[in-house]
Amino acid sequence: MFELRFEAASLLKQIIDAIKELTDQCTIEVSSTGLALQAMDSSHVSLITFKLKAEFFASYRCDRTLNLGLNLKVLNKLLKTVSNTDKATLRAEDDGDQLKLIIESPRRTTTFDVKLIDLEAEVLNINTSEPKATIKMASAEFKQICADLLPLGDTLVMEITKDGISFSVTGSDTSGTVTVRTDAEPAEDEGARTEIQLQEPLTISFALRLLSQFTKATPLSPTVELRVSSDQPLCVSYEIGTDGHGSIQYYLAPKIEDEETVEPTATSAVVDDDDE
Amino acid sequence: MFELRFEAASLLKQIIDAIKELTDQCTIEVSSTGLALQAMDSSHVSLITFKLKAEFFASYRCDRTLNLGLNLKVLNKLLKTVSNTDKATLRAEDDGDQLKLIIESPRRTTTFDVKLIDLEAEVLNINTSEPKATIKMASAEFKQICADLLPLGDTLVMEITKDGISFSVTGSDTSGTVTVRTDAEPAEDEGARTEIQLQEPLTISFALRLLSQFTKATPLSPTVELRVSSDQPLCVSYEIGTDGHGSIQYYLAPKIEDEETVEPTATSAVVDDDDE
Amino acid sequence: MFELRFEAASLLKQIIDAIKELTDQCTIEVSSTGLALQAMDSSHVSLITFKLKAEFFASYRCDRTLNLGLNLKVLNKLLKTVSNTDKATLRAEDDGDQLKLIIESPRRTTTFDVKLIDLEAEVLNINTSEPKATIKMASAEFKQICADLLPLGDTLVMEITKDGISFSVTGSDTSGTVTVRTDAEPAEDEGARTEIQLQEPLTISFALRLLSQFTKATPLSPTVELRVSSDQPLCVSYEIGTDGHGSIQYYLAPKIEDEETVEPTATSAVVDDDDE
């Protein structure tokens, strides 16, 4: 049997929201060490990974490793009305075809039995060499920047130096640039300061529509980390919890503009298919 | 002449809202004792009754019993922007064809003349024998339960015992059950406690879409009473005011599933046509 | 070069909102004395003028008079997410084809380059003889009155006496009248009192849909002034700031109902084309 309990049902809802933005269905692996998920977006251009360790949960039990195929649209609908004080339990039998989702409110208990779905497992091998630049900034600020520039066009150019980072989009009639400086006075909340570690200045382009989808994970973490290299996929990483217990990470290959603006497919650019 | 005054125009708005959910047009009977209305929903499956005694109003006058045919969509539109401090007066001449609606704000007076419509009066005879079970619960909680289960399917099964009540819907891929216990610790506000009086355990099904429409009356009352029997229509009752001055009640025949899931028509199942 | 700075970017947003309601594109004249704009609505029935003096701005520079052709829909989109603490700078070169819009937030700077458009300049001559009646009232109240009556029909009849003003619409099934009295006790905020100056009682009709569009300027000012005459266009005027530094004014010719309800064209009724 597998069973875990979220003290805040709203956290489960936020996790589903952040994954659902990229794919309607996914397979989540539950094992004695925790939860893990890898999935590509429906257009196979970007990749999402999600991890949450068993230690994160007040109560966690997993007798045998299971692959649970979930319809995230359905789960999202069921979690729509959870409030901050609700608790959520997930449960599955070792050889069952259902996931049990139990929402406990102060005065009532709601139990949903959700049919599991069969999905082909994709095991993807993610390249995780050292990035050329690492940017840490307030997640709400990154979200705002993506939202502000999205109406102008789809190619976001990031220019990173030691002093700051600029995000630019050149549209047909309007172009826009947002500049964030690292030497800006620290804001009230320390987490909001922008920090950049880099080996050398970098200029690199990404599909803004996808970056903007990644910011759906903003409620999960006050900060976001962007790991950037010119020759490998960008990693946009949100921590879950405060003790390194979990994270949601999105991977997106850079846009290569010089040759016919062909969009790199994720299969070739983001991941190597695992043949082992 | 007929004239009455609502100290809170918003209450008039809530009453119109609760009736409009079932029918666009209705005939309201105004007499020396108060207001009364009976109407069937547009699909003739459920029934609504509304009563409000003359004593409820600070000012009430009715020289002669009148049947006022109202277009509720129009009234709803006119009341859309009333605020909590507005007062509302309704007035009609004995032989007029208009209803006057006067909204008084601190600094302005708005008068609407609304044409009355001719509707065939339906006098319906409602069966009001003693219910097998009576459930009193927070109206907001009942509304939430209906809203949570509605996406799963349209047949709501209620299982009532002395210890509590469960509401279940079995959908194609997902099924859900909400359980409310009577022994749950009393919540902060006493009205929120669930109380059940019953003669014997009952299991009975209803069309959830209609139940869910009834919860539009939630703003009128902190509690709702469900009167359930296996062989007669469910009554969902909301009190208006605190002294038994008025109520809105919805009637819905149980769903009978065993023979071809034919939906019972209200004419046969909810009411007896009055031949007297 | 031209450059000015709004201490509150939200004010720039409100101005764009108020103008955009009538026209998507407009030419704004910037000179050493300030900003000025005249535009007709897209159906050429009403007219808008906007003025804001150089003194209004903490920082203002204009070396040479420029006519800047703006796409207001684009500007509106760029300003959608400005917050109250943001500052906005507008800048244009003397012979450039771009407007620079710079939004400064505490921690980031956003720069937009917006292409200017070529528009035929309309110089219109507005008749500004003494009005027969001048009404000053809370802008929010005027907005509410327009919104309340709009669903009933499009011809608003204003009846102005020394004691008050009534706004009426006669629809097919429903008619409505809002009465505002000048002798009403002064409300908490003094600006909310309705004041009327008039030479003789007036009854006059206007297209309510357009009046209702004018109220988009409500956030700019707590009061609105209506200047009414029977033989010339109504002027609906909103002050910007408190020292007579600026205003937005809308002009609308009365509706003439007696002969075939022909809608007067603005060219003939609101303005005289300037032949000088």
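The values are calculated or read from the model by the stated rules, or taken from the named source; none is laboratory data. Small disclaimer: the values here were computed from a predicted structure and weren't measured. Reconstructed Cβ throughout: ideal geometry from the backbone, glycine too, with neighbour counts over all protein chains shown. Surface areas here come from the heavy atoms of the whole protein model, side chains and all, with no ligands, DNA or RNA. Shrake-Rupley method; radii C 1.70, N 1.55, O 1.52, S 1.80 Å.
A few notes on this one:
- Complete set of residues in the range C:115-127 that are open to solvent by 20 Å² or more (accessible area, probe 1.4 Å) and closer than 19 Å to C:Asp41 by Cβ: C:Ile117, C:Leu119, C:Glu120, C:Ala121, C:Glu122, C:Val123, C:Asn125, C:Ile126, C:Asn127
- Any hit, the range C:207-220, residues being among the aromatic types (Phe, Trp, Tyr), within 23 Å of C:Leu47 (Cα to Cα), out of contact with any Leu (no Cβ under 6 Å at 6 or more places or on another chain) and open to solvent by less than 20 Å² (accessible area, probe 1.4 Å): yes
- Residue match in the range A:96-114 (condition: open to solvent by 20 Å² or more (accessible area, probe 1.4 Å) and in a helix (DSSP H, G or I)): no
- Any hit, the range A:71-88, residues being open to solvent by less than 40 Å² (accessible area, probe 1.4 Å), under 30 Å from B:Asp183 (Cα atoms) and of a type outside the set (A, V, I, L, M): yes
- Test: residue in the range A:5-14 that is under 20 Å from A:Thr81 (Cα atoms), in contact with a helix residue (DSSP H, G or I) (Cβ under 6 Å, 6 or more places away or on another chain), in contact (Cβ under 8 Å) with a residue 40 or more places away in the chain and buried (at least 18 other Cβ atoms within 10 Å of the Cβ): yes
Residues checked against (1) outside the structural domain of C:Thr218 (by TED's automatic domain parsing); (2) in a loop (DSSP other than H, G, I, E, B); (3) touching a Cys at 6+ places or on another chain (Cβ under 8 Å):
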| site | (1), (2), (3) |
| --- | --- |
| C:Asp17 | yes, no, no |
| C:Ser42 | yes, yes, no |
| C:Glu55 | yes, no, no |
| C:Arg61 | yes, no, no |
| C:Leu70 | yes, no, yes |
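- Flag set for C:Lys132, criterion: within 25 Å of C:Phe214 (Cβ to Cβ) and surrounded by fewer than 21 Cβ atoms within 10 Å (Cβ to Cβ).
- The range B:140-187, subset more than 8 Å from every other protein chain (Cβ to nearest Cβ), open to solvent by less than 60 Å² (accessible area, probe 1.4 Å) and of a type in the set (Ser, Thr, Tyr), residue farthest from A:Ile117 (Cα to Cα): B:Thr182
- Checked against the criteria, C:Ala92 counts as of a type in the set (A, V, I, L, M) and buried (at least 17 other Cβ atoms within 10 Å of the Cβ).
- Test for A:Gly246: is it modelled with pLDDT of 95 or more, surrounded by 20 or more Cβ atoms within 10 Å (Cβ to Cβ) and under 30 Å from C:Asp97 (Cβ atoms): no
- Hits in the range B:85-129 (condition: closer than 30 Å to B:Asp231 by Cβ and of a type outside the set (D, E, K, R)): B:Ala121, B:Val123, B:Leu124, B:Asn125, B:Ile126, B:Asn127, B:Thr128, B:Ser129
- Enumeration of residues in the range A:122-138 that are hydroxyl-bearing (Ser, Thr, Tyr) and modelled with pLDDT of 95 or more: A:Thr134
- In the range A:104-135, the residue that is farthest from the chain's Cα centre (by Cα) out of those that are more than 14 Å from chain B (Cβ to nearest Cβ) and among the acidic types (Asp, Glu) is A:Glu120.
- Residues that are farther than 23 Å from B:Asn127 by Cα, at pLDDT below 95 and not assigned by TED's automatic domain parsing to the domain that holds B:Leu12 do occur in the range B:194-205.
- Tabulated pairs, the range C:68-92, first within 20 Å of C:Thr23 (Cβ to Cβ) and of a type in the set (D, E, K, R), second open to solvent by 20 Å² or more (accessible area, probe 1.4 Å) and in a helix (DSSP H, G or I), C-beta under 6 angstrom, 6+ apart or interchain: C:Lys77/A:Pro151
- Residues (open to solvent by 80 Å² or more (accessible area, probe 1.4 Å) and β-branched (Val, Ile, Thr)) located in the range A:221-242: A:Thr242
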